[in-house]
Amino acid sequence: MALISKIRKHSWIIVASLALALLSFLIMDVVSNNTFGGQTQFTVGKVNGVAIDYNDFSRTEQILYNNSAVDPYSRRTYLWNYFVEKILMEKTASKLGIGISPTELEELQFGNNLSPVIQQRFLDPSTNMVDRDQLNQIKQGLESNTLRADLVTFWNEQKTEIVKERLQAKYAGLVSKAIYSPTWMAEQRHFDATELVDFQYVKLPFDLIMDSISVTDQEIEKYIKDHKVGYTYPEEARFLEYVSFPVIPTAEDSAAIRTELNVLVDSFKNTREDSLFVALNGGQLDPAYFRKDQLSLEFAESLFDLPKGGTYGPYIDNGVYRLAKMVNRKIIPDSVDVRHILRSVQTIDQMVSAQKTIDSLKNLLESGAARFDSLAIRYSQDPGSGFNGGELGMTGHDVMVKPFNDVIFFQAEPGKYYSVTTQFGIHLIEVKKQVFGKNPAESVQLAYLDRPIVPSQATQDRVEDEVTAINNANRTLDELKKALASRPELVFEKTGAVKKNDNTAGLLPAGESTRSMIRWAFDKKASPGDVSPEIFLYEDAVNFVTNQINIAGLRSIQPKGLARVEAVREDVTLTLTNKKKAERLISEIQGTPDIYALATKYNVKVDTATRVNFTTSFLQQMGNEPKVIAAAFGTEQNATSKPIIGNGGVYVVKTTGRSPSIGEPDIAFFREQVSSVSRNNVTSFLMESLKKRAKIKDNRFTFF
């Protein structure tokens, strides 16, 4: 009782302790859930201390790429660079006093000096020009507050893109205008471009040395240190190795697919609604007609001889079970005289409007209330033919895009009017005349039911279970290779350097499976030699079945900085092997200075290069060999050079003629030529230079 009384007396201490413990728990939870290595949970990255918020990043992705077919990895890479460059440009522009006025921004969006952003997004493919009608509609909608809310949001985000691009262009312009090429440089450019040499040469390929050449790790390490620029990694990289298990349909899978088509033979033969039948049963009915020589060679005879309504198959054609039906036969003209009226289309709203216009014009023509040429001049948005009454002239097969071609050759009758939609818009078509050859051949229209021969779900599951069992039983690359040594059909592939935000690795395609593989490889728990606990499934992009399952291992880790030997061993070994072979060749040919004697000794030919200037780095017969061209200029006429180690072998050059530079150099021309190269480099490399100097923290790996 005394103990209970004592507890009651000091109960406030217990309550306070519980409250403190609860508060500490909440604080720890907040901290742990809002930080990743010192970065807030919602920070995709930082640029010179400025955070890129995850919510802003995702919102921008949704606005700019809503319903877009662009793969998520490409668009996130674009957005990351966009946010980084935007932050860098805002700070740089502020320091330099560069800005964009409201008037200039309006001009960039709707004026005569449109931003490249607008030019790219609002290009009319039919005219290869910006769609001004659409821009004007958007402008009017913004001014009258009648534009759809989602388009307003998109446009506001796009304005930010336009400002960023313009600031970038102004900054690049400032740097470009500061570039100056001195007179001596222009003169040197003149001499390099106008002095010419003729020379003969022999090439001794590296593989003339057949002996095995050994390269040690110490030699590789020394080469890396001597070539630091080319072998320095700006960020950590990892090297993977993987083995692919193909998922192949079994004989049972193939038989089941054939049976599925066999069930449809009678229904397919008896239906009078071929278009509807093939649409409901996974088939195709091409509007086009084909000659016998245009059909699959193996089956042309059987298909072409079918009676109308007859079927053939199922048969296998290019990995697909196919059931064919003869739909129709007729003689197709060799060429047609055609004219059209085009209404361009970019949006769904424009599609509806264009179709109404085309229907109205068609009614006018069919009622005889208007002439085709007059309507074309007034309404056609094809500038090439519109001003000429819509005339396209005599046209042969496959000159026009397929939907247009199908109508004019396989459907149209002279004097009648047809509408068709293509990627350019909606066309109103009239075929004025058909021209047939002297011996016209009959063509046929066929309908097909196709079933790709793919692995069944049971087969996919069986292979997945097999690969999972192998993966679970072998937790290191060494164990995995030993376990699969008896299966020579399974080949281990190596990737090059993979960075943590990459979505491709080696020959593997971009996609969620490859991205998951890379994310595992960069997990802190993954060590060289480990095999991923997860297997990676790859789908056929057309048939959406698993056609490949991979087991992946981590081969090595390359930290940021100078390359480790194991990271570049294969690349450097080849370079050093060729260097050693070249040195061996050079030691062998010291006593054979004449190029014809060398050609005879090594059974190679003497090649000739004529009128080569010093700025040349590539010759058709030689390839990219700037050292060889430099040697030709550095060798006296009729003299033979010392052996030169080139990219493709050892070369010996004999300079046979020289044409010295003549005339006074056009200093202004060559100064501009030299400067333009540097100015082009400004556009290409200025932003990358800013990024290298900036403090950029990239947390994308945490989120994607």
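Miscellaneous remarks
- Additional length obtainable on full extension of the chain from Ala193 to Ser94, 0.36 nm per residue less Cα span: 31.4 nm
- The chain: DSSP helices with Cα axial extent of at least 18 Å and average Kyte-Doolittle hydropathy no lower than 1.0: 11-34
- Estimated translational D of the range 54-177 in µm²/s (Stokes, Kirkwood radius over Cα pairs; 25 °C; 0.890 mPa s): 154 µm²/s
- Spin-label pair Arg75/Phe492, simplified geometry with 7 Å Cα→Cβ offset, distance in nm: 3.9 nm
- Applying 1/(1 + (r/R0)^6) with r as the Cβ-Cβ distance of Ala178 and Asn638 and R0 = 51 angstrom yields a FRET efficiency of 0.65.
- Total formal charge among the other residues, if their Cβ is under 12 angstrom from that of Tyr602, Lys/Arg +1 and Asp/Glu -1: +1
- Pairs from Lys164/Lys692; Lys46/Lys177; Lys225/Lys580; Lys524/Lys692; Lys177/Lys627; Lys581/Lys642 whose Cα-Cα separation, in the structure shown, is over 22 Å: Lys46/Lys177; Lys524/Lys692; Lys177/Lys627
- Residue-averaged [θ]222 nm for the chain, counting only DSSP H segments that reach four residues, each worth -39500 (n - 2.57): -14500 deg cm²/dmol
- Nitroxide proxy distance, nm - points 7 Å out along Cα→Cβ at Val352 and Ser58: 3.3 nm
- Calculated FRET efficiency for the pair His397/Asn647, C-beta based, R₀ 60 Å, to 0.05: 0.80
- Cross-link reach list, lysines versus Lys525, counting only Cα pairs under 16 Å and skipping chain neighbours closer than eight places: Lys500
- Extension gain, Glu672 to Lys222, is 157.8 nm, computed as 0.36 nm per intervening residue step minus the present C-alpha separation.
- Formal net charge of residues neighbouring Arg658 (Cβ-Cβ distance under 12 Å; K, R +1; D, E -1): -2
- Placing a label point 7 Å from the Cα of Thr608 along the Cα-to-Cβ direction, the residues of the range 659-701 whose backbone N falls under 16 Å from that point are 659.
- Using the empirical formula 2.2 N^0.38 Å as the baseline, the Cα radius of gyration of the chain reaches a ratio of 1.33.
- Greater than 22 Å apart at Cα, pairs in Lys308/Lys362; Lys601/Lys654; Lys95/Lys170: Lys308/Lys362
- In this calculation the C-beta distance from Lys170 to Leu285 is compared with R0 = 60 Å, giving a FRET efficiency of 0.60.
- Modelled spin labels at Asn112 and Asp133, positioned 7 Å past Cα toward Cβ, are 2.4 nm from each other.
Coordinate-derived values only; no laboratory data. All figures in this text were calculated on a predicted structure; none of them were measured in a lab. Note: ideal-geometry Cβ built from the backbone for every residue, glycine included; neighbour counts use all protein chains shown.
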